[in-house]
Amino acid sequence: MLYIPCPHCGLRNETEFHYGAEAGVAYPDPNALTDSDWAKYLHIRANPKGWLAERWVHFAGCGRWFNLWRNTVTHEIGPAYLPFTEQPKSPANGQEGLKA
Amino acid sequence: MSEILFIFDDNNYKGQSGEPMAAALLRSGLLTITNSTYHGRPRGVVGLGVEEPNALVQLVSGTQESMRPATVIELAEGLNARSLTGIGALPELPDAARYDKTNRYVDVLVIGAGIAGLKAAAEALKAGHEVLLTDDQPGPGGHLRHLGEALPSVLQDVLTHKNLTYVPRCTATGLYDQNYIVAVERRSDHLGDAAPANRARIRVWHIRAGKVVLAPGAFQRPLIFANNDRAGIMLSHAASTYVALYGVTFFKRAFVVTVDNQGYRDALRLHQAGVQVESIYDVRQDAQGASVDAAKAAGIPIHLHTTVLDTVANAEGALQSIILQDLNTDEIIEAAADLLAVSGGWTPIVDLATHIGIKPKWSAEHAAFLVNHNTDQLQTAGMLAGDFGGDDDPAIFFGPALDDEQAHNAYIDLQRDATLHELRRAVGAGLHSIEHIKRYTTIGTAHDQGKTSGMLTIGALCQLNATAQDGNSVLSPAEVGTLSFRPPYVPVPFAALAGRERGPLSDPIRITPIHQWHVEAGAVFEDVGQWKRPWYFPKPEESMEDAVRRECVAAREGVAVMDASTLGKIDIQGPDAGVFLDRIYTNMFSTLPVGQCRYGLMCKADGIAFDDGVTTRLGKNHYLMTTTTGGAAGVLAWLEEWLQTEWPELKVYCTSVTEHVSTIALVGPKSRQLLQELVKDIDLSKEEFPFMHSRMATIDGTTVRIARISFSGELAFEINVDWSHALATWERLWALGRPYDLAAYGTETMHVLRAEKGYVIMGQDTDGTQTPHDLNMSWIVSKKKEFIGKRSLQLPYLQQAGRPQLVGLLPELGNEVLPEGAYITALDVKPDGQGKTSHTGFVTSSYYSPTLGRSFALALIANGLNRMGELVAVPIGKKLLQATICDAVFIDKENLRRD
Ligand SMILES: [Zn+2]
């Protein structure tokens with residue numbers, strides 16, 4: 001079970017959180033997109049082997065959304081950061097994908 | 001230790017309290033404990049602990065837990081057990097024992113209180129850490145306990161250190177990410193009748209550790225030879241321990257067959273305990289070391305480059321003689337023996353490490369898979385890390401070459417009765433991956449999860465896969481690969497995992513403030529999420545059908561009342577609340593005048609409708625949203641997600657008030673007259689209080705909010721009252737309602753009433769793929785503004801013809817209520833080549849309507865809105881019912897009744 005650092009509450013068990021897929025995908029202007037691009041926004045998210053910045057919500061705690069670097073292979077947890085703040089550098093440190 | 005009596009298979013046995021049950025049974029001469037599950041072969045004790053594949057028993061005393069190895073059951077007064085043939089039986093009665101959970105956060109968790117674990121604990125203590133030490137044995141010392149040796153005093157001191165918590169009989173069953181460990185502590189079985197009644201039988205530990213040290217030790221492994229499963233063939237370490245430590249005197253003539261020096265140590269122990277050790281048969285060409293010298297000095301004959309090929313049974317099926325093979329000359333020798341002690345090398349317990357994805361590495365030097373890991377978070381120690389101690393120089397050997405007939409009786413997995421023959425067949429069928437072979441042969445899938453059979457399978461595959469691939473050379477185990485183990489490491493009773501969260505505590509129960517009244521009124525309840533809601537209120541002798549008809553008639557012709565307190569309610573405030581709701585709902589809310597209500601529908605971004613309800617504007621910057629009973633939490637989370645992650649600039653605050661405000665629905669043509677008796681400060685007439693308006697009022701000095709909302713199509717009032725005053729308000733209404741024959745109604749009548757009006761229930765009349773258009777609700781989709789999901793409604797696949805649409809359905813026979821979920825087919829459809837007919841839709845809601853005097857239904861039917869009047873078929877079993885597609889509104893299409 002992952003041990004997730006909520007920026008507001010500190011380290012808590014994974015069961016207190018819900019997952020929200022890739023972070024940093026802004027809601028686009030729906031009318032500026034082709035059908036195909038809109039469908040991509042709806043259904044396609046990055047799912048790499050390795051480090052990924054993800055959205056999580058501490059639903060059973062403070063109820064706040066935040067972002068978190070996590071390695072999808074090793075399940076290592078990287079830095080957490082608040083929405084609309086600068087994204088910390090990937091912990092991959094240029095080694096993206098090699099961990100697998 | 002004291003002598004106690006216990007019962008096994010209805011016979012009385014004597015034993016020492018605290019010793020393993022297997023030891024006492026062996027000491028009394030019970031060699032054959034059970035017959036194997038599939039082949040029915042007599043089997044006896046093989047091992048010393050949880051690796052035991054044969055001697056599984058079912059407890060008769062206490063909790064009647066099934067499939068406990070007799071090697072780990074500690075004898076206690078009152079113990080009663082019976083043998084098992086592989087398959088356990090669930091006890092008839094619920095488990096009355098108490099089970100607990102505990103959570104721990106520690107600096108260092110050491111798993112295994114053998115010498116390696118104790119040394120690791122000592123180091124961590126020295127560095128100032130708080131240490132938790134768990135071990136599955138009753139006492140510390142690991143293999144020293146089996147040797148009957150005391151702990152060195154320096155390690156004794158570790159156990160009494162103030163910063164160390166030592167938990168015996170506590171098995172770590174799973175290692176998870178970020179050093180999360182689940183461990184299962186057995187706290188009372190070993191005390192038998194003397195166990196305090198209030199003690200939890202098992203405590204499940206949920207541990208989060210800064211660092212984990214894995215020092216689990218190792219299992220000795222058997223060898224593959226013909227008839228290697230007979231009672232009297234044991235792992236050498238187990239045999240010598242039962243004889244030397246537990247005083248088993250049954251065995252007279254022993255042979256030891258070995259691949260390492262452990263066989264010599266055990267031969268010596270047997271010899272010193274008075275067993276006639278006829279010979280040590282060692283597969284190696286050369287054997288050296290202190291233990292070899294000691295065996296020689298004791299006069300035990302040693303045969304090198306030899307091994308066991310086969311065995312012969314006596315009349316009872318137990319070991320009588322063994323057939324040995326000289327690997328130089330292929331000469332065969334038969335010798336009488338009642339004990340064959342087998343030392344096939346050590347298999348370190350890699351299970352926990354593999355739980356988190358660590359791949360063990362093959363070490364030819366150790367003839368074993370090891371895990372050498374040393375980081376700040378995880379460290380391995382002892383045999384797992386390759387510290388085998390002693391003077392071992394094991395051969396990589398898993399058994400002699402066997403012919404086809406011998407392979408049939410050469411067992412690899414004793415619990416599954418899986419043999420070398422089956423392994424050969426798997427490889428012959430083209431399987432190479434050990435994970436595939438495991439599933440094909442069932443090896444390693446029994447209660448013991450391959451603790452003794454896993455490594456034997458790998459060993460056998462070294463030969464078989466090589467033959468299959470390129471002829472003669474033998475593969476290394478490294479090339480065959482290891483099995484991945486999954487938690488739990490040992491079986492865990494479900495009762496332990498449930499802990500105290502059983503029965504009424506298994507899930508929270510939510511009740512309304514009027515609940516007790518419903519109970520006393522004889523309501524039958526249904527579960528809606530965690531809520532208990534009255535389903536219907538039968539009078540004495542009344543069937544559900546009768547009750548629902550009476551309730552429906554009261555609502556349509558007189559007056560009826562329902563507890564709607566479970567309705568999800570979200571208080572939404574802030575200067576941008578109107579703008580926010582415009583984006584959330586498909587229709588407009590910023591233009592809603594204060595004091596008015598509007599029905600709203602919300603979609604996900606993909607254009608699929610997912611919740612609905614009436615939202616009231618209470619003030620300029622203040623709305624009260626209602627949601628479906630089941631959808632309340634999900635809708636609040638949805639609102640928060642948009643506010644927090646997309647529109648932080650909106651000043652809007654959402655608060656769940658479901659359990660602050662109780663809602664009482666008063667429904668029926670006489671509802672106005674009745675309510676006006678209770679409410680004196682406002683005029684309830686339709687001119688002064690129009691439909692979909694909300695007014696503050698006073699009932700008995702309490703401020704309430706009354707809204708003219710109808711979920712039935714009838715004249716209706718929703719009384720919203722503070723949760724703590726709801727019961728009083730309900731009781732006042734009830735008393736005043738007597739002259740009106742006021743009826744209380746439940747969810748079933750509510751469903752009938754709303755379905756008669758074609759009102760959709762999200763999740764019942766939808767299956768998560770309907771747009772507002774599919775629900776015939778295009779009228780609610782605003783063309784003027786943006787809202788979540790709007791762009792998706794333009795996508796071609798949500799607009800294409802043939803989508804399921806919500807329609808009404810009138811069964812041909814008015815007394816036939818169609819089953820909800822029933823498939824609908826076209827009338828003339830013919831079965832295809834597979835005898836199947838394609839469906840055109842399904843029934844979503846179906847009831848008998850007292851108002852219509854017939855049955856009716858709602859259904860999702862392909863292109864249904866354009867098929868009005870069409871006759872369709874509803875196959876039910878062998879019957880083919882017919883029904884006509886119609887408008888979903890069955891009564892009062894003009895909406896005349898609600899005023
Ligand atoms: Zn939090």
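The values are calculated or read from the model by the stated rules, or taken from the named source; none is laboratory data. Just so it is clear, the model here is predicted, and its values are computed rather than measured. Backbone-built Cβ (ideal geometry, glycine too); neighbour counts: all protein chains shown. We work out accessible area using only protein heavy atoms, side chains counted, and drop any ligands, DNA or RNA first. Shrake-Rupley method; radii C 1.70, N 1.55, O 1.52, S 1.80 Å.
Side notes on the structure shown:
- A:Glu14 meets the conditions (1) among the charged types (D, E, K, R); (2) more than 16 Å from the ligand (Cβ to nearest atom); (3) open to solvent by less than 70 Å² (accessible area, probe 1.4 Å) in every case but one. The failed one is (2).
- Considering B:Ile584, B:Ile570, the condition of being within 14 Å of chain A (Cβ to nearest Cβ), under 28 Å from B:Leu675 (Cα atoms) and over 32 Å from the mean Cα position of the chain (by Cα) is satisfied by B:Ile570 alone.
- Contact map, segment B:83-97: residues that are in the same structural domain as B:Ile202 (by TED's automatic domain parsing) paired with residues that are aromatic (Phe, Trp, Tyr) and surrounded by fewer than 17 Cβ atoms within 10 Å (Cβ to Cβ), Cβ distance under 6 Å, separation 6+ or inter-chain. No pairs are found.
- Of the residues making up segment B:346-357, those that are at pLDDT 95 or above and out of contact with any helix residue (DSSP H, G or I) (no Cβ under 8 Å at 6 or more places or on another chain) are B:Asp351, B:Leu352, B:Thr354, B:His355.
One line per residue, one yes/no per condition, for (1) open to solvent by less than 40 Å² (accessible area, probe 1.4 Å); (2) touching a Ser or Thr at 6+ places or on another chain (Cβ under 7 Å):
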{"position": "B:Leu624", "(1), (2)": "yes, yes"}
{"position": "B:Gly631", "(1), (2)": "yes, no"}
{"position": "B:Trp638", "(1), (2)": "yes, no"}
{"position": "B:Gly668", "(1), (2)": "yes, no"}
{"position": "B:Gln676", "(1), (2)": "no, no"}
{"position": "B:Met692", "(1), (2)": "yes, no"}
{"position": "B:Ile709", "(1), (2)": "yes, no"}
{"position": "B:Ala716", "(1), (2)": "yes, yes"}
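- Wholly within segment B:656-773, helices (runs of 4 or more DSSP H) carrying at least 3 residues that are within 19 Å of B:Thr851 (Cβ to Cβ): B:747-756
- From the options B:Ala577, B:Ala564, residue that is closer than 30 Å to B:Glu748 by Cα and crowded, with 21+ Cβ neighbours inside 10 Å: B:Ala564
- Output for segment B:408-467, where each listed residue is β-branched (Val, Ile, Thr), more than 19 Å from B:Gly344 (Cα to Cα) and touching a Leu at 6+ places or on another chain (Cβ under 8 Å): B:Val427, B:Ile434, B:Ile437, B:Thr441
- Scanning segment A:45-59 for residues being within 16 Å of the ligand (Cβ to nearest atom) and open to solvent by 60 Å² or more (accessible area, probe 1.4 Å) gives a total of 1.
- Of the residues making up segment B:640-650, those that are more than 8 Å from chain A (Cβ to nearest Cβ) and either part of a helix (DSSP H, G or I) or open to solvent by 40 Å² or more (accessible area, probe 1.4 Å) (or both) are B:Trp642, B:Leu643, B:Glu649.
- Enumeration of residues in segment A:17-30 that are open to solvent by 30 Å² or more (accessible area, probe 1.4 Å) and touching a residue at least 60 places away in the same chain (Cβ under 8 Å): A:Gly24
- Residues of segment B:322-379 that are of a type in the set (Ser, Thr, Tyr) and under 29 Å from the mean Cα position of the chain (by Cα): B:Thr354 alone.
- Members of segment B:489-508 found to be in contact (Cβ under 8 Å) with a residue 24 or more places away in the chain and open to solvent by 60 Å² or more (accessible area, probe 1.4 Å), listed by number: B:Pro491, B:Leu497, B:Arg500
- Where B:Ala200 falls short, out of the listed (1) open to solvent by 60 Å² or more (accessible area, probe 1.4 Å); (2) within 17 Å of B:Leu497 (Cβ to Cβ); (3) in a loop (DSSP other than H, G, I, E, B): (1)
- Hey, A:Tyr3 within 10 Å of chain B (Cβ to nearest Cβ), of a type outside the set (A, V, I, L, M) and within 25 Å of B:Leu175 (Cα to Cα) or not: yes
- Residue in segment B:364-377 that is hydrophobic (A, V, I, L, M, F, W, C) and surrounded by fewer than 16 Cβ atoms within 10 Å (Cβ to Cβ) present: yes
- Subset of segment B:158-188 [more than 14 Å from chain A (Cβ to nearest Cβ) and either open to solvent by 60 Å² or more (accessible area, probe 1.4 Å) or assigned to a loop (DSSP other than H, G, I, E, B) (or both)]: B:Thr160, B:His161, B:Lys162, B:Asn163, B:Pro168, B:Arg169, B:Arg187, B:Ser188
Quick grid of which residues meet (1) more than 30 Å from B:Lys785 (Cα to Cα); (2) away from the ligand (no atom under 16 Å from the Cβ):
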| residue | (1), (2) |
| --- | --- |
| A:Pro28 | no, yes |
| A:Trp38 | no, yes |
| A:His43 | no, yes |
| A:Leu68 | yes, no |
| A:Val73 | yes, yes |
| A:Ala80 | yes, no |
| A:Pro83 | no, no |
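- Any hit, segment B:825-839, residues being buried (at least 20 other Cβ atoms within 10 Å of the Cβ), free of Cβ contacts under 8 Å to residues at least 60 places away in the same chain and over 30 Å from B:Leu581 (Cα atoms): no
- Wholly within segment B:224-319, strands (runs of 3 or more DSSP E) carrying at least 2 residues that are touching an Asp or Glu at 6+ places or on another chain (Cβ under 6 Å): B:253-258
- Screening B:Thr419, B:Thr442, B:Thr452 for residues that are touching a helix residue (DSSP H, G or I) at 6+ places or on another chain (Cβ under 7 Å) and either crowded, with 17+ Cβ neighbours inside 10 Å or in contact (Cβ under 8 Å) with a residue 24 or more places away in the chain (or both) leaves exactly one candidate, B:Thr419.
- Subset tally (residues that are open to solvent by 30 Å² or more (accessible area, probe 1.4 Å) and closer than 27 Å to B:Gly390 by Cα) for segment B:327-345: 1
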